[in-house]
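Below is one structure, written out as structure tokens; comments come after it.
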Amino acid sequence: MSTQNCLFEFILLVFFAFCNCSQDYCHIDSDCGPNYGSKDRYLLYDVNPPEGFNLRRDVYMRFAILAYKLKQSKKDELNNFKLVLPPWSRLFHWKYNAEPEHIPWGRFFDLESLKRFAPVIEMYEFFDAINQTYGVKIDEVYVLQHFKDMFETGNFKDRMQIEQCAQKYQINYFFYKNVTSNNVKCLSYHGPATKLSQLLLKSSAKTILLDHAEVALHDMFGDRTYWQCRRSMRFNKDLQKIALDFRQKYLNSSDEFLPENWEDEKPKRSTKGGPYLGVHLRRRDFLRGRAHQVPSINSITQQITNLLEKLNLSQVFIATDADEDEYRDIIKNIPFKTQRYTPDSETREKIKDGGVAIIDQIICSHARYFIGTYESTFSFRIQEEREILGFPPDTTFNCFCKENTECPQPTRWKIVY
Ligand SMILES: Nc1nc2c(ncn2[C@@H]2O[C@H](COP(=O)(O)OP(=O)(O)O)[C@@H](O)[C@H]2O)c(=O)[nH]1
Ligand SMILES: [Mg+2]
């Protein structure tokens with residue numbers, strides 16, 4: 001190498017060493033995050049605020065499957081998306097303080113397992129990865145809305161179109177004060193979440209937020225990819241441990257009844273479950289919104305007692321959002337052992353209402369027989385869990401009946417792959 005070339009390289013080196021962050025080069029001490037210059041793009045999504053925990057889990061699946069399919073079909077550098085998980089804050093059914101909690105997904109789910117299925121990251125990982133000294137300005141925001149004429153004209157074709165906003169939407173930006181955007185559009189939408197890839201791959205924005213993401217539907221409900229994704233949603237290991245300890249201590253139940261490798265296999269339908277009846281009893285807002293479907297306390301007591309006798313079981317685990325007084329009314333006339341999971345205050349503080357709900361779901365998932373509440377997504381998630389665990393469907397797809405009604409039973413969404 002000539003002296004001239006050496007000198008030139010030296011000058012370049014010194015230049016880059018002292019140059020602060022420009023659009024393309026980041027000095028290590030500058031404001032740029034470690035991934036600023038990378039080709040990664042970020043897809044954020046949020047859900048209509050009143051929606052509960054268990055519908056939100058379903059919306060996650062629609063977008064995790066989109067991220068999974070994008071990754072599989074990777075053709076160009078625009079297709080390099082990471083799906084950012086919206087932290088849990090101010091859920092309608094959960095107690096919360098003035099400050100939003102921003103609970104990361106890892107507190108409820110096994111993040112490693114989620115990441116094995118699709119390129120997902122926590123919000124804090126997103127903040128770490130991008131320049132955030134002056135807050136985050138999201139490049140493009142689309143508020144999804146239904147087509148106005150869909151029900152009038154009966155046009156249910158898959159389509160999307162930027163249109164006027166049907167109403168004034170307030171975007172929460174996940175309750176972060178320093179996240180915003182000056183590029184917000186309304187997107188009338190009908191179709192599966194995977195169709196959004198057309199929009200994403202046409203844009204070259206680094207950060208895109210889809211609000212009211214629940215408007216986008218499942219790609220194929222119940223197909224192989226659906227169940228792969230659903231299986232990957234394993235619960236946080238600490239919560240699994242609390243549920244197992246409870247089952248062992250109070251319900252004489254352990255994992256010995258379960259088939260090996262249940263995570264990845266088509267169920268063999270031979271799982272027996274622990275020697276108890278699992279009940280999910282939805283009350284609170286269901287009492288108001290679905291009064292014509294919700295059975296009386298006396299009827300519930302009677303149905304539980306009849307089932308225990310029929311199944312020859314002597315104990316019942318009850319997961320419910322009922323308050324303590326109502327719970328006591330329910331159990332006082334059941335002539336068998338009853339159990340409810342109630343954490344001490346320290347544990348509750350740590351695992352929050354979401355953790356308690358998950359522990360209730362895990363315990364119901366391992367019962368010999370399960371009966372839930374009609375059209376509750378909380379019960380649906382338990383049914384899916386039992387499908388994955390390999391229970392015979394007769395022991396899973398059952399719900400309480402309102403007295404003197406026809407009593408429809410839940411649809412059997414079985415794993416067939
Ligand atoms: N711990 C616990 N919480 C429950 C139970 N049933 C309902 N909840 C709470 O109420 C919420 C119900 O909302 P959601 O998840 O939307 O289910 P859905 O409204 O029943 O379809 C849950 O997220 C829980 O916070 C239960 O059996 N145990
Ligand atoms: Mg709900």
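The values are calculated or read from the model by the stated rules, or taken from the named source; none is laboratory data. Since the model is a prediction, treat every value here as computed from it, not as a measurement. Cβ atoms come from the backbone with ideal geometry, glycine included; neighbour counts cover every protein chain shown. Surface areas here come from the heavy atoms of the whole protein model, side chains and all, with no ligands, DNA or RNA. Shrake-Rupley method; radii C 1.70, N 1.55, O 1.52, S 1.80 Å.
Things worth noting here:
- Degrees separating the helix 237-250 axis from the principal Cα axis of the chain, which is the longest one: 10 degrees
- Annotation for segment 116-180: trypsin sites (Lys or Arg not before Pro) lying in DSSP loop with at most 11 further Cβ atoms inside 10 Å of their Cβ are LYS157, LYS168, LYS177.
- Among the listed pairs LYS137/LYS185; LYS115/LYS268; LYS266/LYS414; LYS71/LYS206; LYS195/LYS414, those beyond 18 Å (Cα-Cα): LYS115/LYS268; LYS195/LYS414
- Shape of segment 189-291, Cα gyration tensor, a/c cut at 1.5: prolate
- Restricted to Cα atoms, the chain shows a radius of gyration and a Dmax of 25.1, 97 angstrom.
- Amide H to amide H, with H built 1.01 Å from N, TYR369 comes under 5 Å of TYR276, GLY278, counting only residues 5 or more places away or on other chains.
- The angle separating the long axis of helix 3-18 from the principal Cα axis of greatest extent in the chain is about 50 degrees.
- Solvent exposure of the chain amounts to 52 Å² per residue of accessible area, where only protein heavy atoms count and the probe is 1.4 Å.
- Short to long, the 10 Å bins of the Cα pair-distance histogram for segment 240-335 hold 13, 37, 31, 18, 1 percent of all pairs.
- Computed in the context of the full set of protein chains, the accessible area of segment 236-395 at 1.4 Å probe radius has 47% of its extent on carbon or sulfur.
- Estimated purely from DSSP H runs of n ≥ 4, each contributing -39500 (n - 2.57), the mean residue ellipticity at 222 nm for the chain is -10500 deg cm²/dmol once divided by its residues.
- Label-point separation, MET220 to ARG328 (7 Å along Cα→Cβ), nm: 5.3 nm
- The smallest convex shape that holds all Cα atoms of segment 236-395, its convex hull, gives 119 Å³ per residue.
- The Cα-based radius of gyration of segment 41-215, divided by its Kirkwood radius, gives an Rg/Rh of 0.94.
- Surface composition of segment 41-215: carbon plus sulfur atoms hold 49% of the accessible area, using a 1.4 angstrom probe and ignoring ligands, DNA and RNA.
- Residues THR153 and GLU346, FRET efficiency given R0 of 60 Å [Cβ-Cβ distance, rounded to 0.05]: 0.60
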